[in-house]
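Quick notes on the structure that follows.
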Amino acid sequence: MYTMRIAVITPHTLMNLGLKHLFQRYFDVTPALYNRADGFFNDTPEQFDAYILQPDLLVAYSDFFLPRKSKIMLLTTHCETATETFAPALPVHENEEAMLERIERFIEQLDRQSENLNHDLSPRETEVLKLVAKGFMNKEIADQLNISINTVLSHRKNLTAKLGIKTVSGLSFYAMMNGYISDIDNK
């Protein structure tokens, strides 16, 4: 059985412990707790399926968190409309029942995403997706991966079929939003 890996990153020890208690008691998940961002980033941050953090941390480390926005729940002092449109909010002043409902919806969303995220991409299709998203042309992808251009075209055709995305910009956006690449690098 797969256990979801969640990181809770706040400077507030009591908040961290309270969230850990809620996750353990109601969702049978033990989140990793971090009081400092440097501790989190020194501990292989890519390993987590979800991140619970405050908006200021999201802003400070946007290069890491923005590509993973679909895996983020923001801790807020109240439910702010702007925050809620970016990521699910977890207002810290809500009662326990309301918090549990929000957490449950977040976990259900993560489950749906994990079912849809992979789309059964092969490792080679994933490599091609990353290179397409970084702006490489078919010939450059073929050279980089030591495969023929026809094989690259076949992988791109498979990506289009599996993801339902036909454009380079669409594939790039998909790759960024799903954590395949952290930003669009120059070659």
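The values are calculated or read from the model by the stated rules, or taken from the named source; none is laboratory data. For clarity, every value in this text was computed on a predicted model and none was experimentally measured. Note that each Cβ is placed from the backbone with ideal geometry, even for glycine, and that neighbours are counted across all protein chains shown.
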Select from segment 38-54 the residues that are surrounded by 17 or more Cβ atoms within 10 Å (Cβ to Cβ) and part of a helix (DSSP H, G or I) and write down the one among them that is modelled with the lowest pLDDT. Pro45
Single unsatisfied condition, Met176 versus (1) buried (at least 18 other Cβ atoms within 10 Å of the Cβ); (2) at pLDDT 85 or above: (2)
Take Leu33 and decide whether it is touching a strand residue (DSSP E or B) at 6+ places or on another chain (Cβ under 8 Å) and touching a residue at least 40 places away in the same chain (Cβ under 8 Å). no
So which pairs qualify, if the first residue must be in segment 155-170 and under 15 Å from Thr126 (Cα atoms), the second must be of a type in the set (D, E, K, R) and in a helix (DSSP H, G or I), the Cβ gap must be under 7 Å, and the two must be at least 6 apart or on different chains? His155/Arg124; His155/Glu125; Asn158/Glu125; Leu159/Glu125
Wholly inside segment 58-168, helices (runs of 4 or more DSSP H) that include 2 or more residues that are in contact with a Leu (Cβ under 9 Å, 6 or more places away or on another chain) and at pLDDT 90 or above are 96-117, 123-133, 138-145, 149-163
Condition check for Ile103: of a type outside the set (S, T, N, Q), under 19 Å from Val29 (Cβ atoms) and buried (at least 17 other Cβ atoms within 10 Å of the Cβ): yes
Pull out all pairs, ordered by first then second residue, where Cβ-Cβ is under 8 Å, the residues are six or more apart or on different chains, the first lies in segment 128-151 and is closer than 23 Å to Met176 by Cβ, and the second is of a type in the set (Lys, Arg). Val128/Arg156; Val132/Arg156; Lys134/Lys187; Gly135/Lys187; Phe136/Lys187; Asn138/Arg156; Glu140/Lys187; Leu145/Arg124
Which ones in segment 6-30 are in contact with a strand residue (DSSP E or B) (Cβ under 7 Å, 6 or more places away or on another chain) and of a type in the set (Lys, Arg)? Lys20
Does Tyr34 meet the test of being crowded, with 18+ Cβ neighbours inside 10 Å and over 24 Å from Ala98 (Cβ atoms)? yes
